[in-house]
Amino acid sequence: MPLMRLPEEFNFPPNIAFWKISESENFFGDQMQLWPDEIQRLNQLKVPEKKLQWLASRYLVRLLLNPQEKVVSLNSSIGKPWLQGLEQWQVSYSHSFSFASTLLSNTGTPAIDIEWLERVIPMEVGAKFLNPTEVNWVNAQEDVAFAFLLSWSAKECLYKWIHTPGISFRRDLSLYLPEHANRNSHGSFKAQIQLNSGIQEVCLHYGVLENLLFTYLL
């Protein structure tokens, strides 16, 4: 289907894009003309849904940059994506069910996470990635399911941004969430990352597009 557009009032960056997948693998393959390295990576994915998510997110890079030459999307040894031949751009991908997203930046490190609003994550999982303050915030919200999903997405986004193995979601990543949040709201909030080198404070942004929650960080 066509590119999903953010409402103008969101005032989000231009290099962010979303796609609701209804196409076949052939559609993306014909549009993108994949390089051998990309074909090899694609063939490693055995689940058809995962292949479509991978293709759609990389297709969004082509739409955002409209390059004159082919773009090769690869991964570093620790799994961080990068664009061969376009190293001035940094990229982050995310996908959830039939949705895919891409965020690009040429000024800093991007990170994006998307979650289908109907996704159900067992509440007991919260004890593994939320600290007590965050759990209390979730339970105080009118829409507890949405609050829980927003917290989950925010921590996934932080992890992608810092990309440091061994980070504890519960201990090392702290969210300072807005007083109220629901699926009709959008905005930003602070977060803190605890590293061996010290504490780093960042600002996370979030919103809802159709039935898709997204968080991102630049």
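Data table
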{"item": "Centre separation in Å (Cα based) which lies between the stretch 36-96 and the stretch 136-192", "result": "26"}
{"item": "Cys203, Cys157 arranged by Cβ crowding within 10 Å, fewest neighbours leading", "result": "Cys203, Cys157"}
{"item": "Quotient of C-alpha Rg and 2.2 N^0.38 Å, computed over the stretch 100-162", "result": "1.24"}
{"item": "Taking Ile199, Ile193, Ile16, Ile112 and counting other C-beta atoms within 10 Å, the order from fewest to most", "result": "Ile199, Ile193, Ile16, Ile112"}
{"item": "Long-range HN-HN contacts of Val72 with modeled amide H, under 5 Å", "result": "Gln84"}
{"item": "Where GluC sites (Glu not before Pro) in DSSP loops with at most 11 other Cβ within 10 Å are excluded, longest remaining stretch of the chain", "result": "1-68"}
{"item": "Neighbour-count order for Trp116, Trp54, Trp19, fewest beta carbons within 10 angstrom listed first", "result": "Trp116, Trp54, Trp19"}
{"item": "Two-decimal log10 I(q)/I(0) for the stretch 116-211, as the Debye equation yields it once each C-alpha is a single scatterer, q = 0.16, 0.25 Å⁻¹", "result": "-0.64, -1.51"}
{"item": "Values of log10 I(q)/I(0), in the order q = 0.14, 0.16, 0.24 Å⁻¹, for the stretch 3-108 under a Debye, Cα-only, solvent-free model", "result": "-0.53, -0.70, -1.58"}
{"item": "Mean Cα-pair separation over length for the chain, i.e. relative contact order, pairs under 8 Å, 6 or more apart, %", "result": "17"}
{"item": "Residue-averaged 222 nm ellipticity for the chain, from DSSP H runs of 4+ at -39500 (n - 2.57), nearest 500", "result": "-9500 deg cm²/dmol"}
{"item": "Long-range tail of P(r) for the stretch 163-210 (Cα pairs > 12 Å, %)", "result": "67"}
{"item": "0 to 90° range, to nearest 10: angle between helix 144-162 axis and the chain longest Cα axis", "result": "60"}
{"item": "Calculated from backbone phi, Karplus (6.51, -1.76, 1.60) coupling profile of the stretch 112-125 in Hz, x at Gly/Pro", "result": "9, 9, 10, 9, 5, 4, 8, 5, 10, 10, x, 4, 5, 5"}
{"item": "Rg over Rh, two decimals, the chain (C-alpha only, Kirkwood Rh)", "result": "0.96"}
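Read-outs throughout are calculated quantities, based only on the coordinates presented, and are distinct from any laboratory measurement. Since this is a predicted model, take the numbers as computed values, not measurements. Don't worry about glycine lacking a Cβ; one is built from the backbone with ideal geometry, like all the others, and counts go over all protein chains shown.
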